[in-house]
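Chemist: Pasting in a structure now, in structure tokens, and then I'll have a few things to ask.
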Amino acid sequence: MKKVITVLAAVSLCAACATNKPAVRTQTLHKGTVQVYDFGDVKLHAYDTRDAMADSVFLLEKDGKLLIIEQPAFYEGEKELAAYMDTLDAKPQARLLSYHMSGDSFLPDVPVYTTPQAREYGHHGGGKALIDGFIQTFGAPFDGKISDMDRELPAGETRLAGFTLRIIPTAEAFDVEIPEINSVYTHMLGADTHSIIAGPAHADAMLDTLRQFQQKDYRYILSAHHMPEGQAEVAVKIAYVQDIKQLAAASKDAADFKARVKAKYPQYLGENYLDMTAGFFFPAQ
């Protein structure tokens, strides 16, 4: 009976930890900002690079160790984040890279963990094509050096830098479930930002993923182009993706489609992402 009571007490304590909101503070750096979410034993540092691609990088801190999820793509951001990390009482153990393989000048001595599929995407697939374009667009400030795979990540549950994670394969790379903070990392959410949607089939896949986020009731969705968001933003994004499908079906060409989307979402950021979506739905003949 005593053992049962002890187990129930532990479960209740864990439930309380899962429902209590973490303390959040914002630190302004020279260019970017960091939002720090303090869960007690775990801290999440969300770095907004404020660079030309509006990239975000996430640091998970626990027991004096840091797990880095994605990395900055511009040299300025690399230096700024490295300097910020030097102020922490924790040392980087791993770079976990999925969708953003450029920027390998950032902490080159810290091993890269990824999947073979993500490596292929970044070295030869759509990720590589994007990097090539960014090199042409941004020039010298952009770190086009592509990271290679030092350690292979298996699909499913894995242990890294003191964290138990779940690696979820996607069409291009992978998402990362972080049970200790009831969160998931994915490439794009952004309830106030356009998304890259590669045609109707990709839109359907995005809707499936977003509905899974709802079913799993994640507290935070971490994405590579936004600060942490929650379930309210997931619902907004579902409506957006559904609208994109309908507006594309009603449009005669890419220009018409973009005009319709901008009329419906006039305040949305990331117009370059809308341009890419238009190109997928209306490829040049």
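The values are calculated or read from the model by the stated rules, or taken from the named source; none is laboratory data. Since the model is a prediction, treat every value here as computed from it, not as a measurement. As a convention, Cβ positions derive from the backbone with ideal geometry for all residues, glycine included, and neighbour counts pool all protein chains shown. Surface areas here come from the heavy atoms of the whole protein model, side chains and all, with no ligands, DNA or RNA. Shrake-Rupley method; radii C 1.70, N 1.55, O 1.52, S 1.80 Å.
Chemist: For Ser98, only one of the following conditions fails: (1) within 19 Å of the chain's Cα centre (by Cα); (2) within 24 Å of Phe138 (Cβ to Cβ); (3) assigned to a helix (DSSP H, G or I). What is its number?
Modeler: (3)
Chemist: Any residue that is open to solvent by 40 Å² or more (accessible area, probe 1.4 Å), closer than 21 Å to Glu61 by Cβ, among the hydroxyl-bearing types (Ser, Thr, Tyr) and touching a strand residue (DSSP E or B) at 6+ places or on another chain (Cβ under 6 Å) - is there at least one of those in the stretch 110-125?
Modeler: Yes, the stretch 110-125 contains a residue that is open to solvent by 40 Å² or more (accessible area, probe 1.4 Å), closer than 21 Å to Glu61 by Cβ, among the hydroxyl-bearing types (Ser, Thr, Tyr) and touching a strand residue (DSSP E or B) at 6+ places or on another chain (Cβ under 6 Å).
Chemist: Shifting gears a bit: For the stretch 267-285, give me the residue count where each residue is under 19 Å from the mean Cα position of the chain (by Cα) and open to solvent by 70 Å² or more (accessible area, probe 1.4 Å).
Modeler: The total comes to 3.
Chemist: Restricting the stretch 144-169 to residues that are in contact (Cβ under 8 Å) with a residue 60 or more places away in the chain, under 23 Å from Pro116 (Cβ atoms) and in a loop (DSSP other than H, G, I, E, B), which is most open to solvent (accessible area, probe 1.4 Å)?
Modeler: Going through the qualifying residues, I end up with Ala161.
Chemist: Run Asp109 past the list (1) touching a residue at least 60 places away in the same chain (Cβ under 8 Å); (2) assigned to a loop (DSSP other than H, G, I, E, B); (3) under 22 Å from Arg151 (Cα atoms); (4) not β-branched (Val, Ile, Thr) and report the number of the one that doesn't hold.
Modeler: Unmet for Asp109, out of (1) touching a residue at least 60 places away in the same chain (Cβ under 8 Å); (2) assigned to a loop (DSSP other than H, G, I, E, B); (3) under 22 Å from Arg151 (Cα atoms); (4) not β-branched (Val, Ile, Thr): (1).
Here's the yes/no breakdown for (1) at positive phi; (2) over 14 Å from the mean Cα position of the chain (by Cα); (3) modelled with pLDDT of 95 or more:
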site	(1), (2), (3)
Pro141	no, yes, yes
Gly190	yes, no, no
Pro200	no, yes, no
Ala205	no, yes, no
Gln214	no, yes, yes
Ala250	no, yes, yes
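Chemist: Go through the stretch 50-98 and count every residue that is of a type in the set (Ser, Thr, Tyr), open to solvent by 30 Å² or more (accessible area, probe 1.4 Å) and touching a residue at least 60 places away in the same chain (Cβ under 8 Å).
Modeler: 1
Chemist: Checking the conditions here, which among Ile181, Ile131, Ile135 is surrounded by fewer than 21 Cβ atoms within 10 Å (Cβ to Cβ) and either more than 15 Å from the chain's Cα centre (by Cα) or modelled with pLDDT of 95 or more (or both)?
Modeler: Ile135
Chemist: Does the stretch 252-285 hold any residues that are within 14 Å of Ala203 (Cβ to Cβ) and of a type in the set (S, T, N, Q), and which are they?
Modeler: Thr277
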